[in-house]
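Notes follow the structure.
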Amino acid sequence: MNKELTEISGMIDAIIYRSDESGYAVAKAVLDNGDDITVVGTMPFLGMGERITALGEFTSHPKHGPQFAVTSYTREMPETVSGIYDYLSSGTVRGIGAKTAKAIVTAFGKDSFSVIANEPERLTQIRGISLSRAIEMGESFRRLNAMKMIMDFLAHYQLPPHISAALFRTYGTASLELLKNNPYILCEKGFEVDFYEVDRVASDLGFTDDCIERLEAGLLYELYFNAENGHAFIPEDKLIEATASLCEIDEDSLFEPLEDLIEKGKIVLDVVRGHDVCYLDYLYRCETFITDEVHRLIAMKVAAPRNLDKLIEKTERSHGIEYGEGQKTAVRTCFESALTLVTGGPGTGKTTALLCMLELLEANGLSFMLAAPTGRAAKRMSEICGREAKTLHRMLESVYDSAQGTVAFRRDRQNPLDTDVIIVDEASMLDLMLASSLLDAMKPHTRLVLIGDADQLPPIGPGSFFSELLACPEIPKTRLTEIFRQAQGSDIVINSHMINHGEMPPISKNTGDFFFAGARTAESTASKVLTMITERIPLKFGIEPEDIQVICPSRQLACGTTALNQLLQNELNPPSRDKAEVKMGNIVFRTGDRVMQVKNNYDMMWRRLDAAEVGTGVFNGDTGVIVHIDVPSRILVVRYDDREADYTFDEINQLEHAYAVTVHKSQGSEYQAVVIPLFAAPQRLLTRSMLYTAVTRAKKLLVIVGREDIVAKMIETNKKNKRFSALKMRIMGTLNNA
């Protein structure tokens, strides 16, 4: 039963805490009856002297005492001279402090706000205020009011306040007017509010079910949704059908909005294999650009050293090893072609081939850069190669493009990377956008080497870049298949190859580094997972719980990440008086928790621990540990390897517990020990590639807990979810027409 809310009215007397990014504020208010009360809640850009009328409830903070938690509110700017002074002197407007505020209200009295907003040049009448400073004050005040009105609008409809910053970056002071004229802009990339949430707002504003704004937003929403599920395009008939279902409207009503979006350039209509298909504009540009660049690289002449084979033999002698024929071919191809693909499963020598490449590149005076899609993969590449490797986002110097609502990179055709060769590991994780950005940042002479395992899951984003390149006969490639002797002693390696070939490995053998523990129920499976992590693996193998990763096919059911994270948190990081915590819905985040960032945040500030360096960008899949929670300030700090990032409490919806992660989220990572619970999951997730990807995340130990028949079912199911992508077709068509 919902609590009955209380209404209060009063004047803001002091600002205790305020976050202009999240809108959260803690303030002292003097109520109309003369009582003082601390008010807390989302009240963006709250200033002293403002009058508020708020709905909420009286609460008691264990440290700070009685408070009033604001649910919704209205406010009025101060109208008295003293109220205007209080507001301006509180530091709410950039560039105006107590001394300047006193001078302004002395000069303009009740007209102060109007002068600052509409006639800032008049502020130069005050001694010490230059014209440039006056204009800056006016811009700050107008921006402040615009942001305040945007956040008030969002708060009224219970929409996330952080969207206001993105709206203002994109549309400036016109944001609120645009929102009221077309709330469906909130569905666009960069804001990404759920269509049904925006529908609720639009309905309240008087928009009808068949209005053009709603139907266009529905079409774009379906394309964005399917892009997140890996599709570069959608056949036109399927797009119309899906949008008609989303909007609950007849299909004929959608052809005119679709034509309008095509004319605006937001959707590109093309023909693929005889079918009319629809692309989001940027995905079409990515796919066609990659096609052109691949064709350019294939046609590029590369002069290999004349004595290349002797150089390879020399490195063999110096290291006392003998390369396999596949490894030698991979190294030769790196020197003979501008685009090289190297693929193979665990134990097939990809790393050894890479080290040989690097040694010979250095010997021949060629510069190179090493990169990987994720932080963990880049860190592992650095450790293996003994040279610096960066994430692709860091190498390309990512920045947030507010106009497009997407990530952009400082490194591009006008500011390319200065190197002879770029080598990317875990290339199977590259989606169309990242691959396109990488190619755009290459100098005309730069070569590209892509290393990956094509049998792992495809990238989370649209397309199957690496797999589609591998499927093009004209692109130079090496498939490493020989399992080397040093890897033959690992059951993880041997069994992963058996799984990949559709063979059931002897999982009950329970020797070496690969183990199976049967379970009859989902509950006993979860219980055994817990015992494995807290007792059996640490005691038998000396691997501590923090180095053990649970990897699940699904988020759902008793053996999914949601249930297991709660179970593991309670056991590995239980509540304590020494550990601060914050609750978001049914989820509790606690100091010491292992967490994962679950969406790209290009604006998130971080600071490096071992150097005086700060930067921006925390990305989907980054894992870390909560090292500090400041409840009064509503700040949570996460340490990601050598970096720390501060989250406001309004931003922690970007985090999930990471004691257990999905297979998709584990891509690009390697763990000392992996435990895989396999009892039940949605059928679409019980596939061979899902199992293969999970198993190959384990470095020293792999334990499967659950049902052997589920393991067998996954190995038998070699179904790959079809992705709508035309990259291979375009590349082959371009090459055939060349």
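The values are calculated or read from the model by the stated rules, or taken from the named source; none is laboratory data. What you see is a predicted model, and the numbers here were worked out from it, not measured in a lab. Every residue, glycine among them, receives a Cβ derived from its backbone with ideal geometry; neighbour counts consider all protein chains shown. Only protein heavy atoms, including side chains, enter the accessible area calculation; ligands, DNA and RNA are left aside. Shrake-Rupley method; radii C 1.70, N 1.55, O 1.52, S 1.80 Å.
Some observations on this one:
- A simple charge model with +1 on the Cβ of Lys and Arg, -1 on the Cβ of Asp and Glu and nothing else charged puts the dipole of the range 531-578 at about 200 debye relative to its Cα centre.
- Estimated 222 nm signal from helices in the chain, with DSSP H stretches of n ≥ 4 weighted -39500 (n - 2.57), rounded to 500: -11000 deg cm²/dmol
- Extreme residue, positive dipole direction of the range 183-334, given options Asn229, Val302, Cys247 (C-beta unit charges): Val302
- Across the chain, the mean sequence separation of Cα contacts (distance under 8 Å, 6 or more residues apart), normalised by length, yields a relative contact order of 10 percent.
- Remark: accessible surface ordering of Phe541, Phe335, Phe289, Phe191 (largest first) is Phe541, Phe289, Phe191, Phe335, probe radius 1.4 Å.
- The range 134-292, Cα convex hull volume normalised per residue, Å³: 135 Å³
- Computed E for Ser130/Leu31 - FRET, C-beta separation, R0 30 angstrom, nearest 0.05: 0.15
- Of the accessible area of the chain, computed with a 1.4 Å probe over protein heavy atoms only, carbon and sulfur atoms account for 48 percent.
- Taking other residues whose beta carbon is less than 12 angstrom from the beta carbon of Asn182, and scoring Lys, Arg as +1 and Asp, Glu as -1, yields -2.
- Here the spin labels are modelled as points 7 Å beyond Cα on the Cα-Cβ line, and at Glu383 and Glu325 they lie 3.5 nm apart.
- The separation of the range 442-519 from the range 193-228, counted between C-alpha centres, amounts to 41 Å.
- Residue-normalised accessible area of the chain, expressed per residue, 1.4 Å probe, Å²: 45 Å²
- Under the combined filter of DSSP loop state and at most 16 neighbouring Cβ atoms within 10 Å, the range 468-571 retains these GluC sites (Glu not before Pro): Glu474, Glu482, Glu503.
- Applying both filters, DSSP loop and at most 11 other Cβ atoms within 10 Å, to the trypsin sites (Lys or Arg not before Pro) of the range 636-736 gives Lys722.
- The stretch between Asn718 and Thr481, if pulled fully straight at 0.36 nm per residue, gains 83.4 nm over its current Cα-Cα span.
- When the charge dipole of the range 524-616 is built from unit charges on Cβ atoms (+1 for Lys and Arg, -1 for Asp and Glu) and taken about the Cα centre, the candidate among Cys559, Gly592, Gln569 whose Cα reaches farthest toward its positive end is Cys559.
- Theoretical gain in end-to-end length, Glu256 to Arg142 [0.36 nm per residue, Cα-Cα removed]: 37.2 nm
- Between the beta carbons of Leu609 and Lys579, assuming R0 = 25 Å, the FRET efficiency works out to 0.75 to the nearest 0.05.
- Note on Glu197 and Ile249: with the Förster distance fixed at 22 Å, the Cβ-Cβ geometry gives a FRET efficiency of about 0.75.
- Kirkwood Rh (inverse of mean 1/r, distinct Cα pairs), the range 69-153, angstrom: 13.2 Å
- Modelled this way, with points 7 Å down the Cα-to-C-beta line, the labels at Glu336 and Asp412 are 3.7 nm from one another.
- Simple label model, 7 Å out from Cα along Cβ direction - Lys99 to Lys443, nm: 5.3 nm
- Summed side-chain charge close to Lys99 - residues other than Lys99 whose Cβ falls under 14 Å, Lys, Arg +1, Asp, Glu -1: +3
- The trypsin sites (Lys or Arg not before Pro) of the range 248-303 meeting both criteria, a DSSP state outside H, G, I, E and B (loop) and at most 14 other C-beta atoms within 10 angstrom of the site's C-beta, are Arg273, Lys301.
- Length gained on full extension, His628 to Thr74: 196.0 nm, using 0.36 nm per residue less the C-alpha separation.
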